[in-house]
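Shown next, in structure tokens, is the structure this report addresses.
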Amino acid sequence: MNTFLTRPSSLPAQSLSPKWASSGPSDATISGTDRHAALEALIKHNDDSLAKFLPENEKEAVLWAFEYIKRVAPADDHEIISERKLEIKRGGGVVLEGTPDVTCGDVIFDLKWRRFDYSAQMAAYALGLMQLRGTDHATAHLLFGDGTFYEVLEFSRQSAERIVYSILDQVADQSLECRASKYCDWCSKKLSCEILRRHVDAVGQECAVAPLETLDLIQPVEVARALNMANAVTIWANSIKEKAKEQAERGMQIPGYTLRSKSAGREIDPAFINEVFSTLDLPSEDFLGCCKLSVSKLEKLYAEKRGLKPKEVKAELNSKLSDFLVNKPQITYLEKEN
């Protein structure tokens, strides 16, 4: 198995913060994997079964991307290929590997969710495709599911090499200091990052919080300082975010930011629980295994039906349900002393 210095998906972050490293899977990346699997099934087999399991807005986005690819791809002359692994070479050796969602001739299609600058990642894919095909031009179509709009990027071999190789040189240069950027929140090194420490110390001085001498967090006093700093910065940051959101909701156009909404998770309306049970025709024990019963709501309902006071309800239900009640795992947290 080859080990490379980085990967195409990290290049946008490393173009600004050259020592950036991914912090690993998140809810967003897992959702992205589900969308890509649904698109792959459509491309390879015209199968929409995986898309049907996505939230409605994501399903619509994947179907839109599929229709866009069918309409735009030069399929009369080239095969539409899903998940083709590309090698990016330099000086006769492979320096990167990447897998765009779809390729067709000299054209790349990649499904994203929210709009971001993915030009460096697309440059790597374009370079790998041009090297594979022996061509000097490639086009990348970025398909953004949130809002269903697209962006087209054109690359020559020279422009793609300039983008990709310059970032690789930055990443490889051990003497080059990293830079803070909008990608820091997704970096695995953020806890021990010297650049962020300087920024935090600067804020700490303004907040009259003791400066951190290290983020290794070995000595208890340094752990306390880190928590003090985090609390001060968090209070300020949360206040800024809330105020900015209020301004955007009133119509303010904030450069570089867009006010968006996303659908919450789906749930069954409790008012129709009996109808759902009848509709699905599942064994009762299997169906009930998917249900969650709120003890607080049960206590309230029981009090209303029996005409009891809250304390009486708790005592009576605890007695009647003692064999069925379980405690949730204990929550552990740090509370600042007065």
Relative contact order %, segment 1-71, counting alpha carbon pairs below 8 Å whose residues are six or more apart: 21
Highest-fluctuation residue, SER284, SER188, SER23 considered, GNM on the chain with Cα pairs under 10 Å: SER284
Heavy atoms of VAL233: accessible area, 1.4 Å probe, square angstrom to 10: 40
The chain: calculated mean residue ellipticity at 222 nm from DSSP helix runs of at least 4, using -39500 (n - 2.57): -14500 deg cm²/dmol
Rel. contact order, % - alpha carbon contacts under 8 angstrom, at least six apart, segment 73-218: 15
SER294 accessible area, 1.4 Å probe, all protein chains in place, Å² to nearest 10: 40
Cβ crowding within 10 Å averaged over residues, with 243-252, 297-306, 59-68 ranked highest first: 59-68, 297-306, 243-252
For the chain, with +1 on Lys and Arg beta carbons and -1 on Asp and Glu, the positive-most of MET122, ALA160, LEU176 along the dipole: LEU176
Accessible surface ranking that places the most exposed of SER181, SER192, SER17 first, with a 1.4 angstrom probe: SER192, SER181, SER17
Apportionment of accessible area to carbon and sulfur, the chain, percent (1.4 Å): 53
Given (1) 79, 45, 43; (2) 81, 61, 48; (3) 65, 47, 35, the label whose value is Cα extents along the principal axes in Å derived from this model: (2)
Global geometry of segment 46-120, whether rounded, prolate or oblate, following the gyration tensor of its Cα atoms and the 1.5 cut on a/c: prolate
Per residue, in Å², the accessible surface of the chain once ligands and nucleic acids are set aside, probe 1.4 Å: 67
Crossing angle, helix 220-249 versus the chain [Cα axis fit, 0-90 degrees, rounded to tens]: 80
With DNA, RNA and ligands ignored, accessible area of ASP269 (1.4 Å probe; Å², nearest 10): 80
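The values are calculated or read from the model by the stated rules, or taken from the named source; none is laboratory data. Because the structure is predicted, anything quoted here is derived from the model rather than measured. Every residue, glycine as well, gets a Cβ built from its backbone with ideal geometry; the counts of neighbours run over all protein chains shown. Side chains are part of the model used for accessible areas, which takes the heavy atoms of the whole protein and leaves out ligands, DNA and RNA. Shrake-Rupley method; radii C 1.70, N 1.55, O 1.52, S 1.80 Å.
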